[in-house]
Amino acid sequence: MTYTEELERRQFIRTRFDSPVSVELNQAADSAIIAQLVDLSAGGARVRSSEKCDVSGEYSVLICATFRGGDNQVLQLQGKILRESAIEPEKGWEYAIEFSQSDDATSQSVTAELDRICIHHAI
């Protein structure tokens, strides 16, 4: 797949994050990987972590954003890792995560919450 084909198949607009937004990836009850959010859309996210993730199976994805004024937004989703890539030697890993969409109502609710995070981030 070419870069152009990948861009053309995107269904949602991504918002890039330069300020810290933490993401917790849980595959089992006793294992959590903390990552930094790179970009976010209603369809998925890109995160960076110093820890290596298992790329198979579903993850519980917990996004924790703190806005100016101290308002917090926490969003919990299910997702799977589509791609992983190493960030410069010994700097960690970058993961592309696709969120699971169970039905239209869930998708609309998730989209509304993600829009709120993206709008607050832009202000």
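Every number in this text was worked out from the coordinates using simple rules, so none of it is lab data. The structure presented is a predicted model; accordingly, all values stated were derived computationally and were not measured. Cβ coordinates were reconstructed from backbone atoms using ideal geometry, including for glycine residues, and neighbour counts include every protein chain displayed.
Quick notes on this structure:
- Cα→Cβ-extended label distance, 7 Å offset, between ASP71 and VAL55, nm: 3.8
- Proxy reagent accessibility, fewest Cβ within 10 Å first, across ASP54, ASP71: ASP71, ASP54
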